[in-house]
Amino acid sequence: MSLHDVAMVAADTTRTKYYIEELIKNGLSPHYVLLLVNSGELLPGQKEVKSENTIITLLKDADVKYDVAPNSDINSEGVIAAIAKRSEQVFIFSGYGGVLLKESILDTGKRFLHIHGGYLPDYKGSTTNYYSLIDENAIGASAIFLTKEIDCGPILLRKKFSAPVDRTLIDHNSDSEARAKVLIECLKNYVNSGDWEYELENNHGGETFYIIHPVLKHLAILGKDSLQ
Amino acid sequence: MNYEYTEDNRLDSPHKYMYTPYQGSDFLDAYFRDRSKYLKRFEQVKKIEGYQNKIDLSLHSKVAIDLNGFFDRKFSNKVYESLKLLIDLDGRVELDSQLSHKTNTMALSSFDISGNINSENLLRSLLDAQLDKGNESLIKFWLDLLVQRFEVTKKLYESYPANFRKGEGRDNIIRLYWLFALSLTLFYRDTKNIKYLNSLLKVTDLLCSLSEKLLNKNIPIQSLSLIILVEMLSVKSISKTIEEAGFEFT
């Protein structure tokens, strides 16, 4: 089964791989995937650039239609044009770390479904799961439609998860796993109800966090539970 | 293991802190060792050449008095004794009216985001408001703007145009980073919001990465020692479960 009105625009990252594996496993494959593949140096969110792209292999094996974008910059004219011409109205967004969607792509009329790594509206911004590990020994993920204000779009679904057993893998594993779970549940809700329903439309307030300092990152990883 | 974040001049080569590697508890040892190293160096510089700006010294004294309560938590007698020496709680720095010069600081409520903002004026007003236990939401509003600008660019500019857009003028005014660090220290003490400790760690990295001579020419260096102590104790407080990780003041 594939979701006929849902596509995906995805960077070549471990998070995208998690998403696609889970989507396929749950019978929720997007109708189309536009891949932002870089051929040179590593971009934020990447562990490695493989000569044989594992994401493409996954898509081929699952018979999911895809294209490789003309470049890896989601805000470039070429990528925007490729998205604008598609018939799907909603794109699951899985970009490179730290990349924000600019007005020109948000103005295409498409909706971008983003899974934020953090419980909204409490934890907005970057690397928030490290902060919530220190504050409340938990991580979170929230599904939102992107708007011009960062992390302020309406919330479709949000969940808290207990601290991962191995906290050293948060960047590339636990955070992605939590996000993938919320993505799948969000899409299941959509399939069941036939509409995008909101858990919290008013996503104002909360706190905006910035990239965590390595000292605090280590405190979050070496937290109480992992030391015991 | 070295603590790399103070190794280069972070005004010239800012660190982005993206995807920093996990290096185990040895990293925290390295952090505490590095900060302790600067405390010792600053103490030597202070002995050789004292800082003269009385307005800044007065501000340091006021902040030191205000932070006194923070150090009531006895981590150990050894730590406490070191603290007393470094922040002159017993009065070796003249803490009272003798240095309480009027600085003609503007009221924080008089700043208008639709106009141009001078960073030093804003920071001094912020600190006044914090020391006077002023309106916390107003303090947070202005401090959050500075935090946002600093976190995005790792710089503080001489001024910010309407709506606190991209900064203008010099970005290497050391006293701005010192005033910002003081403000973050007080706000973290008051709120325990880790967001502000996060920015404090970064701005302290930046200040420590500069030469002692340059620092001593531009700021009261004992004030930076005070900031470092509060920062280290705050980190230590969060890491209660981690054994005495290099936290030495000898």
Study note, to complete from the structure: Among helices (runs of 4 or more DSSP H) entirely inside the stretch B:7-111, those with 3 or more residues being at pLDDT below 95 and more than 18 Å from the chain's Cα centre (by Cα) are B:25-48, B:77-87
Point to revise | Complete set of residues in the stretch A:85-101 that are more than 14 Å from chain B (Cβ to nearest Cβ) and more than 12 Å from A:F112 (Cα to Cα) | key: A:K85, A:R86, A:S87
Revision key, fill the gap. Looking across the stretch B:19-43 at residues that are on the phi < 0 side of the Ramachandran plot and without any contact (Cβ under 8 Å) to a residue 24 or more places away in the chain, the single one that is farthest from the other protein chains (Cβ to nearest Cβ) is B:K40
Review point. Which condition does B:K16 not pass, out of (1) more than 10 Å from chain A (Cβ to nearest Cβ); (2) surrounded by fewer than 18 Cβ atoms within 10 Å (Cβ to Cβ), if it passes all the others?
Key: (1)
Exercise for review: Check B:Q148 against each of (1) buried (at least 21 other Cβ atoms within 10 Å of the Cβ); (2) under 28 Å from A:Y130 (Cβ atoms) and name the one condition it does not meet.
Suggested key: (1)
Study note, to complete from the structure: Of all strands (runs of 3 or more DSSP E) fully inside the stretch A:122-227, the set with 3 or more residues that are away from chain B (no Cβ under 12 Å) and surrounded by fewer than 23 Cβ atoms within 10 Å (Cβ to Cβ) is A:155-162
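Matching residues to (1) on the phi < 0 side of the Ramachandran plot; (2) over 19 Å from the mean Cα position of the chain (by Cα); (3) of a type in the set (A, V, I, L, M, F, W, C):
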site: A:Y130; (1), (2), (3): yes, no, no
site: A:D166; (1), (2), (3): yes, yes, no
site: A:L200; (1), (2), (3): yes, no, yes
site: A:L222; (1), (2), (3): yes, yes, yes
Point to revise | A:E48 surrounded by fewer than 16 Cβ atoms within 10 Å (Cβ to Cβ), closer than 29 Å to B:P21 by Cβ and either at pLDDT 95 or above or of a type in the set (D, E) (or both) | key: yes
Check your understanding: Condition test on B:K133, is it touching a Phe, Trp or Tyr at 6+ places or on another chain (Cβ under 8 Å) and basic (K, R)?
Key -> no
Check your understanding: Got a sec? Which of B:L145, B:L138, B:L122 is within 29 Å of B:I65 (Cα to Cα) and out of contact with any strand residue (DSSP E or B) (no Cβ under 9 Å at 6 or more places or on another chain)?
Key -> B:L138
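The values are calculated or read from the model by the stated rules, or taken from the named source; none is laboratory data. Note that the structure is a prediction, hence the values are computed from the model and not measured. Quick reminder, even Gly has a Cβ in these numbers, built from the backbone with ideal geometry, and neighbours come from all protein chains shown.
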